[in-house]
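Asks: This structure is in structure tokens; I'll ask about it shortly.
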2 protein chains.
Amino acid sequence: MAARGPYAKGVAKRDEILDAAMEVFAQNGYDRTSVREIARQTGLSQAGLLHHFSTKEELFLEVLRRRDDRSLDSDERSHKHSVDRLMRAVDRNSEEPGLVRLFVAMSAESAQDASVAHGFFAERYRWLLDEIAQDVRVHQASGELPAGLDPEGIASLLVAAADGLQLQWLLNPGSVDMGARIRTLWEALRKTT
Amino acid sequence: MAARGPYAKGVAKRDEILDAAMEVFAQNGYDRTSVREIARQTGLSQAGLLHHFSTKEELFLEVLRRRDDRSLDSDERSHKHSVDRLMRAVDRNSEEPGLVRLFVAMSAESAQDASVAHGFFAERYRWLLDEIAQDVRVHQASGELPAGLDPEGIASLLVAAADGLQLQWLLNPGSVDMGARIRTLWEALRKTT
DNA sequence: GTCTATAGGTAGATAGAC
DNA sequence: GTCTATCTACCTATAGAC
């Protein structure tokens, strides 16, 4: 049963706002983005937009949450290795400079304590690293990976490299094949003892 | 011959301003930092500060340049391998959260085209990666490293990991030994092929 | 070199009409 | 749901006095 009447309109507009907001935040970062600008792009006044999200912060956090939800809804879930999922995520990112820019800008912002995104990213990294480390452990138990590998170290390095490559890729577009690089790294790491 | 009279005072104040500015920019990022705030910390009015650096942008770029100059002035130059220098830089960073925060925030900012730091960081990465790749090549020629390694790939991954680890370290302080991690990576990479 | 004062902006958020 | 109008709170940069 689809929502109807006033609800449908509200939900659709909300979605439209989130799309526009993601794009503008990605392009300019949090501080340089004004609610007015996002409003303009969705054919609303600033006050009109703030009817749907009562503060700029709320809108911003919603954008971050939706970005994550979408990643998880996509085919990533079908890959049992979270290492595979990471690689596929990197591949997909190579086609979405906007999202990458959003991610880089926001994760760096979150490193500032005052940032609204601090909690979001701190938690995000904790579970991401944990998931990958856990995955490495499972494959060590089944004998697919050498027992000598350090699961936390591997997870940390893979994620770190993925993040750092994004920055290089944004600054010098076309100079880096992120997918190839991260696969090289994985091959090197899994052969370590 | 040292500068004297009014010069000495000017230079000293300039330095004091740069120190304060580095700290505040590191803590809050470029946009969230006001010239007034930096002025307050140095006992000046906003206009008084802008006597030394005529715009906020100029002050900011000066902070970035000085950070780099200091790195290079330190003992890093004495290490012939630029890979070694990278590792030592990572070690030193582990004791300077402020500088790391500045670097992470500013490099991410620079990924936005509109950023004043865009040119600075794009160029910085170009020579940094180039220097390391070149270094790998030299050691391949002398037989110290296997000929099969991809110099650009190695350089890119080392720098990417260093950057990404900084982010993890800032978000979850104490959870990552950056130096140890980057050495693990280097060991893994040099054994590839 | 440093100040006060101010010009000229832009921001987020609110009030109240429709 | 959406608008216009407005408020308050900053901001950078400049002018001109000391």
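Values quoted throughout were computed directly from the atomic coordinates according to the rules given, and no laboratory measurement underlies them. This is a predicted model, so every value here is computed, not measured. Don't worry about glycine lacking a Cβ; one is built from the backbone with ideal geometry, like all the others, and counts go over all protein chains shown.
Asks: Between residue A:183 and residue A:55, how high is the FRET efficiency from 1/(1 + (r/R0)^6) when r is the Cβ-Cβ distance and R₀ = 45 Å? Nearest 0.05.
Replies: Efficiency, rounded to the nearest 0.05: 0.60.
Asks: If you plug each phi of the stretch B:80-97 into the Karplus form 6.51 cos²θ - 1.76 cosθ + 1.60 with θ = phi - 60°, what whole-Hz ³J(HN,Hα) values come out, in order, with x for Gly and Pro?
Replies: Calculated HN-Hα couplings, in order: 6, 6, 6, 5, 4, 4, 4, 5, 5, 5, 4, 4, 5, 4, 4, 10, 10, x Hz.
Asks: Counting other C-beta atoms within 10 Å, and keeping those with at most 13, which DSSP coil trypsin sites (Lys or Arg not before Pro) do you find in the stretch A:65-142?
Replies: Sites meeting the loop and neighbour criteria: A:80.
Asks: May I ask you to report, in nm to one decimal and beginning with the shortest, the distances from residue A:79 to the same position in the other copies, taking label points 7 Å along Cα-to-Cβ?
Replies: Output for residue A:79: 3.3 nm, nearest copy listed first.
Asks: How large is Rg over Rh for the stretch A:75-193, taking Rg from the Cα atoms and Rh as the Kirkwood inverse mean of 1/r across Cα pairs?
Replies: Radius of gyration relative to Kirkwood radius: 0.98.
Asks: Using the C-alpha gyration tensor of the stretch A:38-77, what are the square roots of 5 times its eigenvalues, in whole angstrom, with the largest one first?
Replies: 26, 11, 6
Asks: Oh, and also: DSSP loop GluC sites (Glu not before Pro) in the stretch B:66-164 with at most 10 other Cβ atoms within 10 Å of their Cβ, which ones?
Replies: In loop regions of the stretch B:66-164 (DSSP not H, G, I, E or B), the sparsely surrounded GluC sites (Glu not before Pro) are B:95.
Asks: Kirkwood hydrodynamic radius (Cα pairs, Å) of the stretch A:1-73?
Replies: 12.7
Asks: Over all alpha-carbon pairs of the stretch B:1-139, lay out the pair-distance distribution in 5 Å bins, whole %, shortest bin first.
Replies: P(r) over the stretch B:1-139, rounded to whole percents: 2, 9, 16, 20, 18, 14, 11, 7, 3, 1, 0.
Asks: Right, next: Where does the Debye-calculated log10 I(q)/I(0) of the protein assembly as shown sit at q = 0.11, 0.13, 0.14 Å⁻¹, using only Cα point scatterers of equal weight, no solvent?
Replies: -0.85, -1.13, -1.26
Asks: Run the numbers on chain A and let me know its relative contact order in percent, using alpha-carbon pairs under 8 Å that are six or more apart.
Replies: Once divided by the residue count of chain A, the mean separation gives 19 percent.
Asks: Provide an ascending nm list, one decimal, of label-point separations from residue A:45 to the equivalent residue in each further copy; define each label point as 7 Å from Cα along Cα→Cβ.
Replies: 3.9
Asks: Just to be sure I understand: with springs between alpha-carbon atoms less than 10 Å apart, which residue in A:138, A:63, A:83 has the highest mean-square fluctuation in the Gaussian network model of chain A?
Replies: For chain A, modelled as a Gaussian network with Cα springs under 10 Å, the answer is A:138.
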